[in-house]
Amino acid sequence: MLHNTPITFQSTDGQTITVRRMLPADVNLLVHIYRHLSEESLYQRFREPVANLPPLRILEEARILAEAGYTQGKGFLAFADMPGRPGTPVAGARYIRTENKTAETAITIRDDFQKRGIGTQLLNLIIEEARKDGIRTLIANVDANNRAVINLLRRYPYPQKREHYGSEISISFDISQEPVNQPGELVRTAKAPGLRRQIPPGRNAKNVKIAQRGRR
C-alpha cells in the first residue's frame with residue numbers, strides 16, 4: 001500500500017518516476033508542484049485566476065489536501081531526478097472518500113511533465129488502491145476546458161456517467177468490475193531511492209466546507 005516502499009515506473013520518454021504515499025507533512029512538496037503550474041493549469045486546478053491566488057491560499061489548500069488524503073483516503077507524490085535537483089516533486093494524486101463506497105479523485109502534474117504518461121500511471125495506482133479500500137465509484141470534477149484529463153478518463157473502460165455543472169464536468173466511473181483493457185500498466189520495482197456553484201456529485205457538505213476554507 002506504499003506505506004514504506006516506493007514504487008517506480010518509466011515515463012513515455014524513458015525517465016524514471018518514483019511514487020510514494022503522501023503524508024500530512026508533505027505540504028511544502030505539494031506547494032512546490034503548484035508553483036510549477038502554468039496560469040492555465042492553476043486556473044483549472046483552483047477555478048480562479050492567478051491574481052486571486054495568494055500564497056497563503058495555495059499553502060492552506062495544500063495542507064488540507066495532504067491531511068485529507070491521509071485520513072480520508074490516500075494521496076501519492078511522484079518524483080523525478082532533474083539536473084542538479086534529484087528527487088524533485090513533479091505530480092500529486094489522491095482520492096478522498098465522500099461516501100461509504102465513493103471517493104473523489106484528482107491528479108495534478110507540473111506542466112513540463114505532462115503528456116509523458118504519468119497521469120495514466122497515477123490513475124492506475126489510484127484505481128488499484130481505491131479498490132483495495134472498498135471504493136466502488138470514483139468521481140473526478142474537472143474543468144470543462146481541461147481536455148487532457150477529460151480525454152485520459154474517457155479512455156478507461158469502466159461504465160462512466162458525465163454531468164455538467166457550469167464550467168465543470170463531473171465524471172463518475174464504476175471501478176467495481178475488472179476492465180477489459182486498461183491503459184498502460186503500473187510497473188512495480190524494488191524499493192527506490194530516495195465560485196459558489198451547484199455542488200457536483202462526490203462533494204458532500206463537509207467537503208464543500210473544507211474547499212471554502214481553502215479559498216479564503
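The values are calculated or read from the model by the stated rules, or taken from the named source; none is laboratory data. Bear in mind the structure is a predicted one, so any value in this text is a computation, not a measurement. Don't worry about glycine lacking a Cβ; one is built from the backbone with ideal geometry, like all the others, and counts go over all protein chains shown.
If the condition is being assigned to a strand (DSSP E or B) and closer than 19 Å to G69 by Cβ, then the range 1-44 contributes I7, I17, T18, V19, R20, R21. The single condition among (1) closer than 19 Å to T5 by Cα; (2) in contact with a Lys or Arg (Cβ under 7 Å, 6 or more places away or on another chain); (3) not basic (K, R) that H36 does not satisfy is (1). A Cβ distance below 9 Å, combined with a sequence gap of six or more or placement on separate chains, defines the contacts here; from the range 134-151, residues that are more than 16 Å from A91 (Cβ to Cβ) reach residues that are aromatic (F, W, Y) and not in a strand (DSSP E or B) in the pairs L138/Y158; D143/Y43; N145/Y43.
Results for (1) in a loop (DSSP other than H, G, I, E, B); (2) acidic (D, E); (3) at pLDDT 90 or above, shown as yes or no for each residue.
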residue	(1), (2), (3)
K74	no, no, yes
G87	no, no, yes
A91	no, no, yes
Y95	no, no, yes
E104	no, yes, yes
N124	no, no, yes
G134	yes, no, yes
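Selection within the range 104-117: residues that are charged (D, E, K, R) and touching a helix residue (DSSP H, G or I) at 6+ places or on another chain (Cβ under 8 Å). The member of this set that is surrounded by the most Cβ atoms within 10 Å (Cβ to Cβ) is E104.
Conditions tested, residue by residue: (1) aromatic (F, W, Y); (2) crowded, with 18+ Cβ neighbours inside 10 Å; (3) more than 16 Å from R45 (Cβ to Cβ).
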{"position": "K101", "(1), (2), (3)": "no, no, yes"}
{"position": "G119", "(1), (2), (3)": "no, yes, no"}
{"position": "A130", "(1), (2), (3)": "no, yes, yes"}
{"position": "I135", "(1), (2), (3)": "no, yes, yes"}
{"position": "R147", "(1), (2), (3)": "no, no, no"}
{"position": "R154", "(1), (2), (3)": "no, no, yes"}
{"position": "P159", "(1), (2), (3)": "no, no, yes"}
{"position": "Y165", "(1), (2), (3)": "yes, no, yes"}
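Checking the stated criteria, A148 turns out not to satisfy the condition of being in a strand (DSSP E or B), within 30 Å of R35 (Cβ to Cβ) and under 15 Å from the mean Cα position of the chain (by Cα).
Confirm whether N151 is modelled with pLDDT of 80 or more and closer than 23 Å to D13 by Cβ. Yes; evaluated as a whole, the condition is true for this residue.
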